[in-house]
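These notes are about the structure you will find just below.
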Amino acid sequence: MNPGKSSHRPLSDTTRLGLIGLGTVGGGVAEILAKHQDLIVARSGASMEIVRAAVRDVDRVREGAAHHVRLTTKIEDIVSAPDVDIVVELMGGVDAAYKHIRRALENGKPVVTANKAVLAQHGPELYAIAAAHGVDVYFEAAVAGGIPIIRTMREGLAADRITAVRGILNGTTNFVLGLMGEGQSYGEALAEAQRRGYAESDPTIDVNGRDAADKLTILAHLAYGVEVRPQDFPVVGIESLTPEVLRDAHDLGFAVKLLGIAKRVGSSRAMRLDLRVHPTFVPLEHQLASVPGAQNAISVVSDALGQTLYQGPGAGGMPTGSAVVSDLIEAARSLRLGVSGRVKASRKAAMALVDPADARACFYLRFLVDDKPGVLAAITRILADHKISLETVLQRSRCKIDGDVPLLLVTHETTQGAVDAAIQEVKKLRTVRNGHHHVPIMEVM
Ligand code: NAP
Ligand code: HSE
């Protein structure tokens with residue numbers, strides 16, 4: 001993408017916005033535009049006005065500033081309208097959103113989007129279409145809600161080589177894990193996250209790790225230039241975590257967080273990228289362990305800077321709306337200057353992914369076993385056969401369930417493949433009950 005003259009320049013003193021979607025995030029955008037108009041004029045050089053918003057249901061009464069927005073069901077009246085300078089895609093989903101973003105770009109309109117799902121599937125293609133039409137795609141709100149991590153990665157860290165990005169990238173799951181740790185049920189906690197506007201319209205995408213994987217895909221592209229998709233790497237959600245696992249974690253000195261991990265491994269000749277999303281035991285002394293509620297946090301390790309942490313509200317209408325409006329201000333500035341392509345999306349790089357079976361970590365393992373002599377010896381023998389050595393063994397005799405006791409093990413560093421193979425053998429022992437758990441432990445870098 002070469003910096004160039006934008007083909008589209010508003011002549012009026014108002015930047016005219018067309019929204020596709022006026023739900024949780026769209027409502028936040030309308031609110032911020034209404035409250036911060038003076039700042040927006042000062043910072044972008046023009047006032048900003050929502051010309052109209054496309055929604056599914058034009059008859060539903062909207063609250064707050066959204067109440068005053070003109071509604072339509074015709075998305076063509078946004079993406080092709082001569083009176084719209086910038087298109088703001090806040091409808092979610094992949095296929096329809098892709099089609100509308102593409103159409104807006106082909107019509108020479110810059111697009112601001114909060115939609116990580118569409119960018120995880122089609123990001124590089126959309127950035128190329130934008131460049132070909134002399135406009136930009138802005139997506140600060142797509143990763144980590146209100147935290148300005150996209151600008152940080154593209155501009156603040158532009159001089160540095162990134163070693164690892166590890167982050168709590170989903171507010172809903174962090175909120176749910178926090179409430180479960182306080183004794184609430186999984187179902188109650190998730191319902192509360194939905195009520196507060198943190199969850200996706202289909203919250204399965206939050207709890208199964210898919211939303212975090214979409215965001216990790218975008219970050220990996222910015223950090224390393226790789227064009228991967230979420231279906232290319234392992235993704236595990238929080239659905240199978242139990243209160244017992246959270247309690248074990250705490251007793252062993254960890255907090256459980258759903259982490260997205262993108263890490264360079266190997267020598268410069270055979271550099272690979274380890275990409276994964278899964279619940280992780282985070283040492284309590286690490287900053288990521290204490291990130292509360294629906295907050296997100298991203299730890300970046302880079303050659304020159306070392307470790308930096310970016311933390312803040314990761315979901316909800318106002319934090320996400322703030323990121324969208326920051327993009328709108330940037331887009332309006334570019335429109336007024338008649339420029340595009342100022343910041344390159346990323347330099348394309350080919351880097352092979354680490355085979356999931358070869359991914360290295362220490363692990364927490366939990367088995368429910370007969371309270372009999374010899375059981376522990378049988379399990380540790382299987383682990384030794386797979387070259388897995390142990391750091392901690394803990395039998396919780398006071399937590400008996402129908403005569404069975406939980407056995408907790410913490411391993412030294414090993415591979416995911418060795419752990420999977422050992423678990424398959426342990427499960428065949430007659431003294432071991434159904435319902436084991438295993439969770440990787442975060443490496444302290
Ligand atoms: P939402 O509350 O469900 O709002 C979606 C909006 O899109 C609604 O106004 C809906 O219309 C409209 N819409 C959906 N399908 C449409 C269609 N086919 N035609 C016209 N309008 C359509 O969702 P949201 O939470 O605001 O999320 C929007 C986007 O932001 C998603 O990509 C999401 O992943 C992303 N995001 C959300 C958050 C968050 O905290 N919520 C944070 C970061 C990013 P109706 O109002 O008539 O139903
Ligand atoms: N559902 C998402 C989350 C919204 O909980 O993080 C922010 O992207």
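Worth pointing out:
- Qualifying positions in segment 129-150 - more than 16 Å from ligand 1 (Cβ to nearest atom) and either closer than 19 Å to Thr217 by Cβ or touching a residue at least 40 places away in the same chain (Cβ under 8 Å) (or both): Ile129, Ala130, Ala131, His133, Gly134, Val135, Asp136
- Identity of the residue in segment 172-183, more than 13 Å from ligand 2 (Cβ to nearest atom) and part of a helix (DSSP H, G or I), that ends up modelled with the lowest pLDDT: Gly181
- Taking the numbered list (1) away from ligand 1 (no atom under 16 Å from the Cβ); (2) at pLDDT below 95; (3) buried (at least 24 other Cβ atoms within 10 Å of the Cβ) in turn, Ser267 passes all entries but (3).
- Exactly one residue among Arg70, Arg56, Arg102, Arg62 is charged (D, E, K, R), in contact with a Leu (Cβ under 9 Å, 6 or more places away or on another chain) and either at pLDDT below 95 or more than 19 Å from Leu335 (Cα to Cα) (or both), and that residue is Arg62.
- Taking (1) more than 16 Å from ligand 2 (Cβ to nearest atom); (2) of a type in the set (D, E, K, R); (3) under 25 Å from the mean Cα position of the chain (by Cα) in turn, Lys116 satisfies each apart from (1).
- Candidates Arg166, Arg210, filtered to the one that is away from ligand 1 (no atom under 13 Å from the Cβ) and not assigned by TED's automatic domain parsing to the domain that holds Gly23: Arg166
- Criterion applied to Val228, Val236, Val143, Val165 was being among the aliphatic types (A, V, I, L, M), more than 11 Å from ligand 2 (Cβ to nearest atom) and surrounded by 21 or more Cβ atoms within 10 Å (Cβ to Cβ), and the one residue passing it is Val165.
- Taking first residues from segment 408-420 that are in the same structural domain as Asp370 (by TED's automatic domain parsing) and partners that are part of a strand (DSSP E or B) and open to solvent by less than 10 Å² (accessible area, probe 1.4 Å), the Cβ contacts under 6 Å between residues at least 6 apart in sequence or on separate chains come to Leu409/Leu365; Val410/Tyr364; Thr411/Phe363; Val419/Phe363.
- Of Leu216, Leu241, Leu222, all but one fail to be more than 16 Å from ligand 1 (Cβ to nearest atom), buried (at least 17 other Cβ atoms within 10 Å of the Cβ) and within 24 Å of Thr163 (Cβ to Cβ); the exception is Leu222.
- When Gly156, Gly171 are screened for being farther than 25 Å from Thr24 by Cα, outside the structural domain of Thr24 (by TED's automatic domain parsing) and among the small types (Gly, Ala, Ser), only Gly156 passes.
- Subset of segment 122-140 [in a helix (DSSP H, G or I) and within 16 Å of ligand 2 (Cβ to nearest atom)]: Gly123, Glu140
- Within segment 184-198, the set of residues being free of Cβ contacts under 8 Å to residues at least 40 places away in the same chain and either near ligand 2 (Cβ under 9 Å from one of its atoms) or in contact with a strand residue (DSSP E or B) (Cβ under 6 Å, 6 or more places away or on another chain) (or both) is empty.
- The combined condition, being basic (Lys, Arg) and more than 18 Å from Ile168 (Cβ to Cβ), is not fulfilled by Arg276.
The values are calculated or read from the model by the stated rules, or taken from the named source; none is laboratory data. All values reported here derive from a predicted model rather than from experimental measurement. A quick note on method: Cβ atoms are made from the backbone with ideal geometry, for glycine too, and the neighbour counts reach across all protein chains shown. These accessible areas exclude ligands, DNA and RNA; they are computed on the full protein's heavy atoms, side chains included. Shrake-Rupley method; radii C 1.70, N 1.55, O 1.52, S 1.80 Å.
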